[in-house]
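K.L.:
One structure, pasted below without further comment.
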Amino acid sequence: MRETDAKRILIVYTGGTIGMVRTPNGYAPKEGYFRAALDAIPALASEEMPRWELREMSPLLDSSNMTVNEWNEIARLIAENYERYDGFVVLHGTDTMAYTASALSFMLENLAKPVVLTGSQIPLCEVRSDGRDNIITSILIAAGGAVNEVCLYFGGSLLRGNRATKYSADGLIAFVSPNYPALAEAGITIRYRESALLPKPSGALRLQLLENVPIGVIKVFPGIQFELFESIMTEKLRGIVIETFGAGNIPGDGNALLPIIRRAFANGTVLTVCSQCPQGAVSLGAYETSGALKRAGAVSGLDITTEAAVAKLYYLFSAGYDKEGVKARMERDLRGEMTV
Ligand code: ASP
C-alpha cells in the first residue's frame, strides 16, 4: 500500500469462493489467508491503483450462511468508516450476494459513495480465477466516485445491487439485472450509463440496522394447497413474498388464498406479490386471477426481485413501521429497486 494516492478504498472481505482454498472437503474459506492472496496480485500494488486497506470479517462465511447479523456487521463497518474512505468494496460469496446488496441498499440511506459488492466463481488460488478482474475493476469503480449507491460488479458489468439476481451457478457472468440496465460496462474503458445512476443524495448517511424479522417466501405451483401454509402465513410471519405466475396470477383464481391474506393482514402481516418470471412486472388486476389479491390487502411488488423484496421487508419492519406503513412503502420506490 502506498501513501501517495489521494483516493482511499476499504475492502471488506466476508468470505465466499473468491478467497477459498482447497480442503479435503471441498473449497472453504481460511482465516488469515486472504491478505496473502491479494498481495500475490501485482496489479493491486500498481501506481495506477488507489490506496486500499483490508478488513477481514470473522468468521469468514460461505455466503449461504449469511444472516441479518452479518448484514448489520457489514453496514456498520461501512457507516463507521464512511468519512475515512472514498469508496467500499465488499468481497462476498455469489450465492447470496444479491440479497446482501439489496439489504445494504436499504440500510444505508443517503449513501453518497460507491459500495461495490463482488466475488468470483473460481477462487483466487486457481489459475483461471475470475476474481482478479472482479476485484481490480471493483476497486477502480469504488475510487471513481461516479456511483452513489450499492452496486454489484461481476463479469464486466456493474449492476444496481437491488436489481441484480444470481443467474448462473457456474458461468463467469453469474448475475443479471433483468428489469434495469447495467450501470456500467467494463470494456477497454469503464463506460457508465449516466442516465441509469441514482442522483447524489443531499442528506447525511443514515444507518438502519436490521432485526431478525420472520419473513417467508412462497412460490406458487400448479396444485398448491394454500391451506398447508395457512398457520405460518397468518400467525408466524410478518412479511411474505409470494412468487406468482407471470404478471401476478395465482392457481384457482387465488380463491383459497384470499381469506388467508385477509387474516394475515389483519394480524399485521404484509404480503408482497412478485413474479416467478425474472423479467417484467406484476400487474395486479390485469387478469381476473390477480385483482382479488389486491382487494384482499396484498401489495404489488411490480418488477422488484425476490431478493430486494425480502430485504425491503426486513428493512421496513426493522425501521418500526406498522403494517400500513410497510404496505405503503413496499409499493413505493425507495432506492431504485422498482419501476413505479
Ligand atoms: N458458496 C459460495 C458462496 O456463496 C459460492 C460463491 O462464492 O461463488 O459463498
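The values are calculated or read from the model by the stated rules, or taken from the named source; none is laboratory data. All of these numbers come straight from a predicted model, not from anything done at the bench. Neighbour counts are summed over all protein chains in view; Cβ atoms, including those assigned to glycine, are modelled from backbone coordinates with ideal geometry. Ligands, DNA and RNA are stripped out before the accessible areas are found, and what is left, the full protein with its side chains, is counted by its heavy atoms. Shrake-Rupley method; radii C 1.70, N 1.55, O 1.52, S 1.80 Å.
K.L.:
If Arg132 satisfies all but one of (1) of a type outside the set (Asp, Glu); (2) open to solvent by less than 20 Å² (accessible area, probe 1.4 Å); (3) closer than 18 Å to Ile11 by Cβ; (4) not in a loop (DSSP other than H, G, I, E, B), what's the number of the condition it fails?
P.N.:
All conditions are met except number (2).
K.L.:
Could you check Asn25 against (1) in contact (Cβ under 8 Å) with a residue 12 or more places away in the chain; (2) within 16 Å of the ligand (Cβ to nearest atom) and say which number it fails?
P.N.:
That leaves (1) as the condition not met.
K.L.:
Follow-up question, since we're still on this one. Exactly one of (1) without any contact (Cβ under 8 Å) to a residue 60 or more places away in the chain; (2) surrounded by fewer than 15 Cβ atoms within 10 Å (Cβ to Cβ); (3) on the phi < 0 side of the Ramachandran plot; (4) not β-branched (Val, Ile, Thr) is unmet by Gly223. Its number?
P.N.:
Single failed check for Gly223: (3).
K.L.:
Then there is this: Anything in segment 186-213 that is surrounded by 16 or more Cβ atoms within 10 Å (Cβ to Cβ) and either more than 18 Å from the chain's Cα centre (by Cα) or not hydrophobic (A, V, I, L, M, F, W, C) (or both)? List them, or say none.
P.N.:
Within segment 186-213, Ala186, Ile190, Tyr192, Gln208 qualify.
K.L.:
Would segment 11-28 turn up any residue that is of a type in the set (S, T, N, Q) and under 26 Å from Ile215 (Cα atoms)? I'd like the intermediate steps shown before the answer.
P.N.:
As a first pass, look at segment 11-28 and keep what is of a type in the set (S, T, N, Q): 14, 17, 23, 25.
Filter once more, so that each one left must be under 26 Å from Ile215 (Cα atoms): 14.
Checking segment 11-28: at least one residue is of a type in the set (S, T, N, Q) and under 26 Å from Ile215 (Cα atoms).
K.L.:
In addition: Between Ala75, Ala103, Ala112, which is modelled with pLDDT of 95 or more and either under 24 Å from Glu31 (Cα atoms) or within 13 Å of the ligand (Cβ to nearest atom) (or both)? Show your work before the answer.
P.N.:
Values: Ala103 fails: either under 24 Å from Glu31 (Cα atoms) or within 13 Å of the ligand (Cβ to nearest atom) (or both); Ala112 fails: either under 24 Å from Glu31 (Cα atoms) or within 13 Å of the ligand (Cβ to nearest atom) (or both).
Step by step, each of Ala75, Ala103, Ala112 is checked, and only Ala75 is modelled with pLDDT of 95 or more and either under 24 Å from Glu31 (Cα atoms) or within 13 Å of the ligand (Cβ to nearest atom) (or both).
Each row is one residue, and each column tells you yes or no for (1) touching a helix residue (DSSP H, G or I) at 6+ places or on another chain (Cβ under 7 Å); (2) in a loop (DSSP other than H, G, I, E, B); (3) in contact (Cβ under 8 Å) with a residue 12 or more places away in the chain; (4) within 20 Å of Ser177 (Cα to Cα).
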site: Cys274; (1), (2), (3), (4): yes, no, yes, yes
site: Leu284; (1), (2), (3), (4): yes, yes, yes, no
site: Ile304; (1), (2), (3), (4): no, yes, yes, yes
site: Tyr315; (1), (2), (3), (4): yes, no, yes, no
site: Lys327; (1), (2), (3), (4): no, no, yes, no
site: Arg335; (1), (2), (3), (4): yes, yes, yes, yes
site: Met338; (1), (2), (3), (4): no, yes, yes, yes
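K.L.:
Restricting attention to segment 148-161, does a residue exist that is more than 16 Å from the ligand (Cβ to nearest atom) and among the small types (Gly, Ala, Ser)?
P.N.:
Yes, because at least one residue in segment 148-161 is more than 16 Å from the ligand (Cβ to nearest atom) and among the small types (Gly, Ala, Ser).
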